[in-house]
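Colleague: Have a look at this one before I ask anything.
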Amino acid sequence: MKTSFRVSLAGLALAAALPLRAEVSAQAWLETYYLNPQPAELPRAVERLSQSGYLDREGNTAVAIGFIAAVFAAQPDRVETWLTQLRTQPARVQRLLAAAIWQSGHPLGNGLLRSLSTSSPVRAEIEHLATLPPQVLAETTVRSPSSMRLQWGAFLATGHERHIVAILDGFGSNDPQLTSAARLALARHAADHPRVLEICLAQLAHQPDEIRGELRAALAAASAPPRS
């Protein structure tokens, strides 16, 4: 009887887990992209991120913009084709794509924005963005939790240390809220990503004293056992 009950519970747990796995599959692809880049999968991944609700969660839009902007920067010849494939996506995805173009530093950025706007439900917003000087992600300073998430998204696309170093710069902003957010983010990322831990350990020898102290705190939190 007990065995049968346990089997039933296991079956219920598995059934409950299946939708969750489907929901996070696009997120898992994004969060491990730098380990095995698959740029051809980007349009489908963007669709799945939208459909799964990933973009509805607080902070994830900035991560997605940073990620897509970095992929656009690395694959400039594919961007126009990708935008054509994603032209029927809803308004929130159109905004995300426009922001990614704007921050990618693409040499044809204004033209791509105007092309995207022609059949977009947010045409006026995209056309306005095209009139503004681009804010290239690679040159963006971390001065808010949102700009920190942009850099994290770019790291997930590239695995490049400059994006983690940019997050470290948040420790030098004299903003207690940003310092706390950066410490928590780095602790979480270093615990989940060996590449982040490697970069943070290497940076201990290069950062000024005030940043080293915060970095050590983040690394200590990353190595602490999870709370039960």
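Colleague: Collect the residues in the stretch 198-226 that are hydrophobic (A, V, I, L, M, F, W, C) and touching a residue at least 40 places away in the same chain (Cβ under 8 Å), keeping them in residue-number order.
Modeller: ALA202, ILE211, LEU215
Colleague: Please work out which residue is surrounded by the most Cβ atoms within 10 Å (Cβ to Cβ), limiting yourself to the stretch 170-182 and to residues that are free of Cβ contacts under 8 Å to residues at least 40 places away in the same chain and closer than 15 Å to GLN207 by Cβ.
Modeller: The extreme case among them is GLY170.
Condition check ((1) over 30 Å from GLU41 (Cβ atoms); (2) surrounded by fewer than 16 Cβ atoms within 10 Å (Cβ to Cβ)) across all residues:
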| site | (1), (2) |
| --- | --- |
| PRO134 | no, no |
| PRO145 | no, no |
| GLU161 | no, no |
| LEU168 | yes, no |
| ALA202 | yes, yes |
| ASP209 | yes, yes |
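Colleague: If I go through the stretch 100-119 residue by residue, how many of them are among the polar types (S, T, N, Q), in contact (Cβ under 8 Å) with a residue 12 or more places away in the chain and surrounded by fewer than 21 Cβ atoms within 10 Å (Cβ to Cβ)?
Modeller: 4
Colleague: Which fully enclosed helices (runs of 4 or more DSSP H) of the stretch 64-171 have 1 or more residues being under 29 Å from LEU197 (Cβ atoms) and within 16 Å of the chain's Cα centre (by Cα)?
Modeller: 91-104, 145-158, 161-168
Yes/no matrix, rows are residues, columns are (1) of a type outside the set (Ser, Thr, Tyr); (2) buried (at least 19 other Cβ atoms within 10 Å of the Cβ):
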| site | (1), (2) |
| --- | --- |
| GLN51 | yes, no |
| ARG57 | yes, no |
| ILE65 | yes, yes |
| ALA70 | yes, yes |
| THR81 | no, no |
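We did not get these values from a lab; they are worked out from the coordinates using the rules stated. Bear in mind that the values here come from a model prediction, so they are computed numbers and not experimental data. Ideal geometry is used to build each Cβ from the backbone, glycine not excepted, and the neighbour counts take in all protein chains shown.
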